[in-house]
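See structure below.
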Amino acid sequence: SWTDRRIYDISHHDLDVAIQGTKIIGKDTLTLTTKDPDLRFFPFDLFNGLRVKNVLDENGQELSFIQEKKDEDADFGVIFPKPNEPNKPFKITVEYEGEGALISLGSGNFFLRHRSTWYPNNPFAAFADRATFNLTLSYPKNYTMVGIGEKVGEDKEEGSLKISKWTTKD
């Protein structure tokens, strides 16, 4: 069925991701709207090797979250103290890290195994959730980043790292 079962919608991801070998250290500021006036629990998909470190509201206040043990289930849920107003955009920031979503194929080539779960994602939407993305990647400067979307400006070098920015615009 093509019925829209989303209880919330993610309209934008602002990702800041550091890559250290096969380890991903990420911070995703998501812009969301809820469809339910009583919703306080927001479930998210996340690759099973990634662990949530912290979740903040748009005022920088910590939000409660639940995530099972690494070997059980990486999906997590954010608990709000009170419901958000339906159809009114709000933001949360999820800080996470871990290994396994990015694998080494040898010869300096790395591959992203799970395209939809290396960042927090709506489990009710999968690829049907059309969001825009701004992505800042920090990675070892001896590598070349290949991605989708549009590259924003030139890469910058900071010490042993290269900083690359990408966007999907609309």
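Report the residue, chosen from I25, I92, I148, that carries the largest GNM mean-square fluctuation when the chain is represented by alpha-carbon nodes joined by springs under 10 Å. Sorting by GNM fluctuation, first place goes to I148.
Reported to the nearest whole Å, the Cα centre-to-centre distance from the range 1-49 to the range 113-155 is 13.
Applying a threshold of 27 Å to the alpha-carbon distances of K27/K151; K23/K88; K35/K69; K27/K88; K91/K151; K27/K162 flags K23/K88; K35/K69 as lying beyond it. The equivalent ellipsoid that matches the C-alpha gyration tensor of the range 39-80 spans semi-axes of 20, 11, 7 angstrom, in descending order. Think of a 1.4 Å ball rolled over the protein heavy atoms: the range 1-130 then has 56 Å² of accessible area per residue. Seen from a random direction on average, the alpha-carbon convex hull of the range 1-77 projects onto 6.9 square nanometres. Loop-located GluC sites (Glu not before Pro) in the range 107-170 (DSSP state not H, G, I, E or B) with no more than 16 neighbouring Cβ atoms inside 10 Å: E154.
Across the range 100-170, Cα pairs under 8 Å and at least six residues apart give a relative contact order of 27 percent. If the chain linking S107 and K69 were pulled fully straight, counting 0.36 nm for each residue of separation and taking away their Cα-Cα distance, it would gain 10.4 nm. Counting only heavy atoms of the protein chains and using a 1.4 Å probe, S107 has close to 120 Å² of accessible surface.
The values are calculated or read from the model by the stated rules, or taken from the named source; none is laboratory data. Computed from a predicted structure; not experimentally measured. Quick reminder, even Gly has a Cβ in these numbers, built from the backbone with ideal geometry, and neighbours come from all protein chains shown. Keep in mind that these areas ignore ligands, DNA and RNA; they rest on the heavy atoms of the full protein, side chains included. Shrake-Rupley method; radii C 1.70, N 1.55, O 1.52, S 1.80 Å.
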